[in-house]
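Notes follow the structure.
What follows draws every value from the coordinates through simple rules; no lab data is involved. What you are looking at is a predicted structure, and each value in this text was computed from that prediction instead of being measured. FYI the Cβ positions are ideal-geometry reconstructions off the backbone, even for glycines, and counts take in every protein chain you see.
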Amino acid sequence: MRIFHKKDGGIVQLVGKDEIKEWPVELPLIFIEYIRKNKLPTYNDKTIEKEIEKYLDEILTEIAIPRMISVLDGEDETEIETVLERIDELAKKKLDLVKPIKSYIEKLDKKSNKKDISKACGSILSTFIKEENKKKLADKRKIMRQIEQEFLQGKISDKEYSKARKEYLIMKE
Amino acid sequence: MASKSENWDLKATKQLFQEYLNRNLKEQKNKKILPVETVEIDDLNKTQALKRIREFIDSIIEKIYKDGRPSIFLPSRTTGNIIWDEENDLLLLGKQIMEKQFHSLASVADITRVMKVLEKVNELLLKDLHATKREIFYSAVTLFGDQKNSDKCIEDVASMLYTTRNSTHIVASAKGSCVGRLRIRDRNDIIDLEGLGGGGWTISPMLDNVEIIESDAEFILVIEKDAAMMRLAEARFWRKYPCILLTAQGVGNVAVRMFLKRLSKELNLPVFSLVDSDPYGHYIHSIYLRGSKRLSYESPFLATPNIKLLGVLTRDLDKYKIPNSARIPMNKQDIKRTTDLLNEDFVKKNKEWEQDLKLAVKLKIKAEIQAFSSHGFEFLTDRYLPEKLTTGDWI
C-alpha cells in the first residue's frame, strides 16, 4: 500500500503500483476515476489531495496507458472494444491524458474492418478534432482582436477587415 | 453515565498505529521465520496450485512404476504434532508425517475419498470456480457417506499439497460482515464499505478475487456479536472514529480470519476485539490471536498475532459500574473452560490476560457486551470504546 499523511495526523492508504500492474486492463482507469470523484473531496486536506492526484497521474502514465496501448496493438477484438470505450470516456473528461494514445487509435482506425471498433475510434478522434478546432479558434480570436484595433486606427482597409472577419465566422461555425 | 461533551482523541490507538507503521518499514526487509521443526505452508494462486497437483500426481505415478505400492504422505494433524511458536505467537503444525497406503484395506476407502477431493480441486482450479465444503460432499454422497468424511479429506488435500484451503478453491460459506472506512475491489467491482448501510459487506469466501484498494481507517474492531455490531453501525461509529468494523457472529470462520489477517497485514492497522466477558468470548479472541488447533497448518495465514483484547474485561465490570443485575454468575462449565484457558501457554505468557481470567474465576461472574446498555444505549459507542481506545486500556 502507498501511504499518504494528512496534516491532522490521519493516514490514507492506496493500493500500490505493483498490485495495479496485475489488474485487468480497464481497471486502473476505473480506479483512478473512482478515487478522483469519490474519495479526494472527502479527505479535506489540500496537500494530500495534491499528492494523491500526482500518484494517480503516475498510475495513468506508467501503467494504465502503456497497458492500453499494448491491447490496442494486439488481436483480441473484445478487449480492444472495452478499452476503446474507456478511452472515449476519458477523452471527453480530460483529453490531455489520452494524447499519447492518439497515434495508436488512428492506426487502429485504418487497420480495423470491424464496425464497432471503427465507430469507437471515430468517436475518440472526433474529440481530438473538436479540441484542435477550439485551439485554432482561440488563436484566430486573438488575431481578430488585433485586426479590429488596426481597422479602427485606419491601419488596414475595410476590405482586409471584412475578409478576416468572414474567415473567423466560418471557423466559429 | 455517558457524557456527550467528552472528546476522545484515541491517542493510545494512534500511537500504536504509528508504531506498527514504523515497525513495518523495518520488517519489510526481514521475512518472518518460522521454527525449523514446523512445516511451511504456501498460499498459492490458481496456476501454482495446479502445478503442485501435477507434481503430486507425478510422484504417485513414479512410485507405482518403481515398486507398485503407491502411498501418499501428509503432515499429521494430531494434537501431538501441534506446536506453539512463542516468538510469532502462532499454533503451527510439526514435521510428523503420516503415510496412507493405496494397497491397505484399512486405508483404501480413505485414499479413494482423498483422491476424489483432489480430482474436484483440480476441476475447480481449471474452471476457476469455487465450491463450498457442502458442495464437495454432494459431489459424491455415496463415497463420502457423511460430510465429516469429506471435510476431513478437504483438510488432508490442503495439507498434503502444503497449501491453504482457500488455495484449493474450497471455501466456507459467507458468514461475517464488514463495514467502515475501507474500499475493496471484488474482481472488476469497486465496493465502498461505508456506503452499504448498517449491514455492511458480507465477507466473501472467495478472497482470491478480493483486494484492498483504499482506506483511511486507523484501527480495526472485531466484534463477537451481531447485536453489538448493529449498535456501532447504527451510530456510524467509523465516521467519528476512523475504523473498520468486522463481525463473524461468533467464532470467525476461515474467510473472516483470513480477511482480518489481510487487513491487518496490508494496512498495518491495530486490531482490537470486543467480546463477551466470558470464557467463550476469550476463546473467540484466542482463535483470532493464534489460530485454531484444527487448522494449525494454516495459522500463518489465518491468525492475527497482534490483536488486542479491548474488552469486555472482568476488571471493566467494576470500573464501569456494571450493576449486579447485568452480571451473570458463572456455572461449573464456565469455570472449567476458564481454568482450561489459564493452562494454555499463550495465556500464561500474557500476565494481564492471566490476571483477568483469574479475577473471573475468583468472582465467578461473567457479562455480555450488552451489559453496558444498563447505562444507556449510547454508552458503548460514546464512552466505553472511545475511552479505552484513548487510554490504551487493553490486553
- Task: Per residue of B:187-197, count partner chain C-beta atoms within 10 Å of its C-beta, then hand back the mean as an integer.
- Result: 2
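Multiplying the sequence separation of B:SER59 and B:GLU354 by 0.36 nm and subtracting their Cα-Cα distance, what value in nm do you get?
101.4 nm
Using the structure shown, list the pairs from A:LYS54/A:LYS119; B:LYS332/B:LYS362; A:LYS21/A:LYS92 with a Cα-Cα distance above 21 Å, or answer none.
Working: A:LYS54/A:LYS119 33 Å; B:LYS332/B:LYS362 13 Å; A:LYS21/A:LYS92 25 Å.
Pairs exceeding 21 Å: A:LYS54/A:LYS119; A:LYS21/A:LYS92.
Taking every pair of alpha-carbon atoms in segment B:46-171, give the share separated by more than 20 Å as a whole percent. Present the calculation step by step, with values, prior to reporting the outcome.
On the way: 3780 of 7875 pairs.
Above the 20 Å cut-off, segment B:46-171 has 48 percent of its Cα pairs.
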- Query: Principal axis lengths of segment B:74-121 from Cα atoms, whole Å, largest first?
  - Reply: 41, 23, 12
- Quick calc of log₁₀ I(q)/I(0), segment A:2-131, Debye, one scatterer on every Cα, no solvent, q values 0.11, 0.18, 0.22 1/Å, result -0.43, -0.95, -1.26
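I want the antiparallel fraction of DSSP beta bridges within the protein assembly as shown, as a percent rounded to 5. If you can, show how the numbers build up before the last one.
Numbers: 34 of 49 bridges.
Here the share of antiparallel DSSP bridges comes out near 70 percent.
If we sort B:178-189, A:157-168 on the protection proxy, mean other Cβ atoms within 10 Å, highest first, what's the order? Kindly include the intermediate steps, with their values, before the conclusion.
Details: B:178-189: 19.7, A:157-168: 12.6.
Per-residue mean Cβ counts within 10 Å order the peptides as B:178-189, A:157-168.
Based on DSSP H runs of at least 4 residues, each adding -39500 (n - 2.57), what is the mean residue ellipticity at 222 nm of chain A after dividing by all its residues, to the nearest 500 deg cm²/dmol?
After summing the helix terms and dividing by the residues of chain A, the value is -21500 deg cm²/dmol.
Hey, got the dipole for segment A:2-131? About the Cα centre, +1 on K and R Cβ, -1 on D and E Cβ, debye to the nearest 20? Walk me through the numbers on the way to the answer.
Details: 25 positive and 27 negative charges, 104 e Å.
It works out to roughly 500 debye.
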- Please name which of B:ALA174, B:PHE237, B:ILE223 has its Cα lying farthest along the dipole of segment B:173-391 towards the positive end, using unit charges on Cβ (Lys, Arg +1; Asp, Glu -1) and the Cα centre as origin. B:ILE223
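Using a 10 Å cut-off on Cβ atoms, rank the peptides B:269-282, A:23-36, B:130-143 from the highest mean neighbour count down.
On the way: B:269-282: 24.0, A:23-36: 19.5, B:130-143: 15.4.
Answer by packing, highest mean first, reads B:269-282, A:23-36, B:130-143.
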- Separation of the A:GLU79 and B:ASN22 label points, Cα + 7 Å toward Cβ, nm: 4.6
- Using only Cα atoms, locate the centre of segment B:347-382 and the centre of segment A:22-89, then give the distance between them in Å, rounded to an integer. 49
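Based on Cβ point charges of +1 for Lys and Arg and -1 for Asp and Glu, what charge dipole magnitude is obtained for the protein assembly as shown about its Cα centre, in debye rounded to the nearest 20?
Values: 99 positive and 91 negative charges, 189 e Å.
It comes to approximately 900 debye.
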- Once Rh for the protein assembly as shown is found with the Kirkwood sum over Cα pairs, what is the Stokes-Einstein diffusion coefficient at 20 °C and 1.002 mPa s, in µm²/s? 77
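If r is the Cβ-Cβ distance from B:LYS321 to B:THR79 and R0 is 45 Å, what FRET efficiency results, to the nearest 0.05?
Details: r = 42 Å, r/R0 = 0.94.
It comes to 0.60.
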- Where does helix A:115-152 land angle-wise versus the long Cα axis of chain A, in degrees 0 to 90, nearest 10? 40
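Any idea what % of Cα-Cα pairs in segment B:173-391 are farther than 28 Å? It would help to have the intermediate numbers written out before the result.
Values: 6505 of 23871 pairs.
Counting pairs separated by more than 28 Å, the tail of P(r) holds 27 percent.
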- Query: If you look at just the Cα atoms of segment A:104-173, how large are its Rg and its Dmax in Å?
  - Reply: 18.8, 58
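Could you give the C-alpha radius of gyration of segment B:202-310 expressed as a fraction of 2.2 N^0.38 Å, taking N as the number of residues it contains?
Values: Rg = 13.2 Å, N = 109, 2.2 N^0.38 = 13.1 Å.
Expressed relative to 2.2 N^0.38 Å, the Cα Rg reads 1.01.
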- Task: Go through B:ALA131, B:THR339, B:THR381 and say which Cα lies farthest out towards the positive end of the charge dipole of chain B; charges sit on Cβ, +1 for Lys and Arg, -1 for Asp and Glu.
- Result: B:THR339
- Query: How many Lys pairs in segment B:19-111 lie less than 25 angstrom apart by Cα atoms, where the lysines are 8 or more positions apart or on different chains?
  - Reply: 12
- Query: In chain B, what is the volume of the convex hull around the alpha carbon atoms, normalised per residue and reported in Å³?
  - Reply: 155
- Can you tell me which of B:198-211, B:103-116, B:156-169 comes out highest on packing, and rank the rest after it, using the mean Cβ neighbours within 10 Å? B:156-169, B:198-211, B:103-116
- Item | Charge tally in the Cβ shell below 11 Å around B:ILE328, where Lys, Arg are +1 and Asp, Glu are -1, B:ILE328 excluded | -1
- Cα-projected label distance for B:PHE377 with A:LEU169, points at 7 Å along beta-carbon direction, nm: 7.2
- Task: Using only atoms on other chains, find how many Cβ atoms lie within 10 Å of each Cβ of peptide B:262-274 and report the average.
- Result: 1
